[in-house]
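Below is one structure, written out as structure tokens, with a few remarks after it.
The values are calculated or read from the model by the stated rules, or taken from the named source; none is laboratory data. Worth saying up front: this structure is predicted, and the values here are computed from it rather than measured. Positions of Cβ are backbone-derived with ideal geometry, glycine not excepted, and every protein chain shown enters the neighbour counts. Calculation scope for accessible area: heavy atoms of the full protein, side chains included, ligands and nucleic acids excluded. Shrake-Rupley method; radii C 1.70, N 1.55, O 1.52, S 1.80 Å.
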Amino acid sequence: MDHFFCGVLLYKIACLRQGGSVIAQELGGRLLLPDMADEQGQQLLNIVEEMAIASGISVPQVYLLERETSINAFAAGFTPNDAVIGVTRGTLQHLSRDELQGVIGHEFSHILNGDMPAILILKPVCVI
């Protein structure tokens, strides 16, 4: 049984090395593109772009977890260059623009402080 667990854990870590998009997709997120975003989605993309410019990093891809009605968001990736930001539909529906900026700013702090690799490494343990 221990060998099986270790094998699954190593497999999951190898998959996650592909970057944060794997996490977002596993959670049911879809890539949010400017030409396909509704008004709330476009506002989110604008905020992410503003934060990226202010932070001096490239604009991360944004994933929308459409079926999630709770307020939640995450940043995932191994480096700032492969980072993605995931946001639930509930976050867009329930928060004002200023509140959403605060949430996205918090996620950028994870990207800029290098917290994301730890999150990615711990995630396989939680989903096995």
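Accessible area per residue for the stretch 39-115 is 48 Å², calculated with a 1.4 Å probe on protein heavy atoms, without ligands, DNA or RNA.
Summarise the accessible area of the stretch 10-116 (1.4 Å probe, protein heavy atoms) by the percent that is carbon and sulfur. Walk me through the intermediate numbers first.
On the way: 2830 of 5510 Å².
Heavy-atom surface of the stretch 10-116 belonging to carbon and sulfur, 1.4 Å probe: 51 percent.
In the stretch 48-112, a dipole from Cβ-located charges (positive for Lys and Arg, negative for Asp and Glu) runs towards its positive end, and of 77, 51, 91 it is 91 whose Cα lies farthest in that direction.
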